[in-house]
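Let me begin by presenting the structure, written as structure tokens, before commenting on it.
A short reminder: the numbers here are calculations on the coordinates, not readings from a lab. Bear in mind the structure is a predicted one, so any value in this text is a computation, not a measurement. Every residue, glycine as well, gets a Cβ built from its backbone with ideal geometry; the counts of neighbours run over all protein chains shown.
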Amino acid sequence: MAEKISMREKVGFSLGDGAANFIFQTMMLLQLSFYTDSFGISAGAAALLFLVARLWGAVADPLMGVIADRTDTRWGKFRPWILWTAIPFGIIGFLAFTTPHFGASGKIMYAYITYILLLTVYSANNIPYSALSGVITGDMVQRTSLSSVRFIVVTLATIAIQGFALPMVNHFGQGNSAKGYQVTMGIFCVLAVLFFIITFLSTKERIKPDPKQKTSLKQDISDLLKNKPWVIMFLVFIFMFIFLAIRNGILLYFFKYYLDKESMISFLGGLDKGLFGLLGKISMIGANADIAGNTFSIINIFSQLAAILGIILSKNLAARFGKRDVFKGALIMATVVTALFFFIGPKAIVLTLVLQIIFNFIWGVSMPLPWAMMADVADFSEWKNNRRATAIVFAGIMIGLKVGLAIGGAISGVLLSLYGYVANAVQTPHTISGIRLITSIYPAVFLGIGIIVLMFYSINKKTEFQMQDELAERRKAYSN
């Protein structure tokens, strides 16, 4: 019988991903806008930066996987890395959103150095953290439960970034968005350090490889490449994160340059009356307010609350139908809703809210599942090959994530340049048309390709429990 995981440990583990998402969600949602509109580099320069730095992150991930699998301390293999990287993560995260008083070339050099360092420390922290989810428990039901709690916390962190980051930037910047980003990210980075320490203190590694297992990098890689479910998830992660990098990276531009300002003012005013003047009291409406940014924040708060409902529902759906089938169904619906954003009119703020709520509810159902499936893929490798190398399995799939982010971020910047985007200016109809397409149709195409790839993933509900039971029997031989 698998050891039951307490809610205290589930929450403690989940805070680590909440901490990482203070940086990750900012990279996904606000970094392109920060670089072009606050830091002061062109969309084309940002596109190249994303491609180079994020591809470096894809190289760092497997290196970190190899190192983590070979780490051996009294705290375990993966937990110590969360502790060791906590403070560097916070410091570099703060520096990456600091705008220096340099010229154009100096700023670009600073951006490359800080962003590459940020992705390096992110790999050193997040690969062991991701692998930790595969060794806390081998029970499939508890693993899905752990992943569900994790993504409720992730969604709360996402609300903090999507809902409050821009108002905080405006509040602390007082017209100087570069200063506002620096102070805002400083606050989030301090919280991240504290959350990482809590994760280290509150978790336990229970699944260990057979002590007789020989360490062989060549064998680890060979096992990985022969693991068909791993290959499928690697490709799915590439297309899924191309989708997210494009859509989320451009969404703020959709609000700032496409949606009608007067309609957003009317929307915020109506909402303010319903909230008894709360928005006016916190300066989210008024002559000096960032109307587009505040509308963006409010809509994201509501939609992320819907995502939490989706995450809660995800566990029961996965238990009934299996993780693979629920994940596939959610991605299909998310693709359709994303494409519908192209048909939103500039004055249709309420429709934007409704579609964003529907999208995030559906995405909430999908969110815990690929990460729980990654742990299943690690089990599949052990089940087939009688060897366990958890971190290298997670690191390999995380390469797909980083490659997807690199390609998606580069595509976003390149497309903005091709459509003639000029920072902080009135955009041409051609540019506005491009922003609409980059928010909707283009990312939907990439997610559709990911769904086609997912059709070939073979670990269904029956296989999950067969692996669980057979591996539990094997582990009894060396766990006592």
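Averaging 1/r over each pair of different alpha-carbon atoms in the range 321-435 and inverting the result gives 17.5 Å, the Kirkwood hydrodynamic radius. Listed by chain and number, the lysines whose alpha-carbon sits under 21 Å from that of Lys256, ignoring those within fewer than 8 places in the same chain, are Lys179, Lys347. Binning the alpha carbon pair distances of the range 226-336 at 10 angstrom intervals from zero yields the distribution 11, 30, 27, 19, 10, 2, 0, expressed in whole percent. The phi torsions of the range 338-350, fed into the Karplus equation with coefficients 6.51, -1.76 and 1.60 and a -60° offset, translate into couplings of 4, 4, 5, 4, 5, 8, 6, x, x, 9, 8, 5, 5 Hz, rounded to whole numbers, with Gly and Pro shown as x. Ordered by the count of other Cβ atoms within 10 Å of each Cβ, fewest first, Ile91, Ile407 give Ile91, Ile407. Assuming charge only on the beta carbon of Lys and Arg (+1) and of Asp and Glu (-1), the dipole of the chain about its Cα centre is about 800 debye to the nearest 20. Taking only alpha carbon atoms, the chain gives an Rg to Rh ratio of 0.97, where Rh is the Kirkwood radius. Where does the chain land at 222 nm, in deg cm²/dmol rounded to the nearest 500, when only DSSP H runs of n ≥ 4 count, each adding -39500 (n - 2.57), divided by all residues? After summing the helix terms and dividing by the residues of the chain, the value is -25500 deg cm²/dmol. The orientation-averaged projection of the convex hull spanning the C-alpha atoms of the range 151-192 amounts to 2.7 square nanometres.
For the range 1-138, the Cβ-based charge dipole about the Cα centre amounts to some 200 debye (Lys, Arg positive; Asp, Glu negative; other atoms uncharged). Listed from fewest to most Cβ neighbours within 10 Å, the set Met109, Met373, Met284, Met467 follows the order Met109, Met467, Met284, Met373. Just to be sure I understand the curve: with the Debye formula and one point per C-alpha of the range 125-271, what is log10 I(q)/I(0) at q = 0.18, 0.20 Å⁻¹? For the requested q values the scattering log ratios are -1.34, -1.46.
Among Trp230, Trp383, the ranking by other beta carbons within 10 Å of each residue's beta carbon, starting with the fewest, stands as Trp383, Trp230.
Positive end of the dipole of the chain (Cβ unit charges, origin at the Cα centre): among Tyr253, Leu268, Ala20, the Cα lying farthest that way belongs to Ala20. Applied to the range 34-42, the Karplus parametrisation 6.51 cos²θ - 1.76 cosθ + 1.60 on θ = phi - 60° returns per-residue 3J(HN,Hα) values of 4, 5, 7, 9, 10, 5, x, 10, 6 Hz, with x for Gly and Pro. When only alpha carbons are used to place a centre, the range 398-429 and the range 51-78 end up 28 Å from one another. Each Cα pair under 8 Å and six or more residues apart adds its separation to the average, and for the chain the resulting relative contact order is 27 percent.
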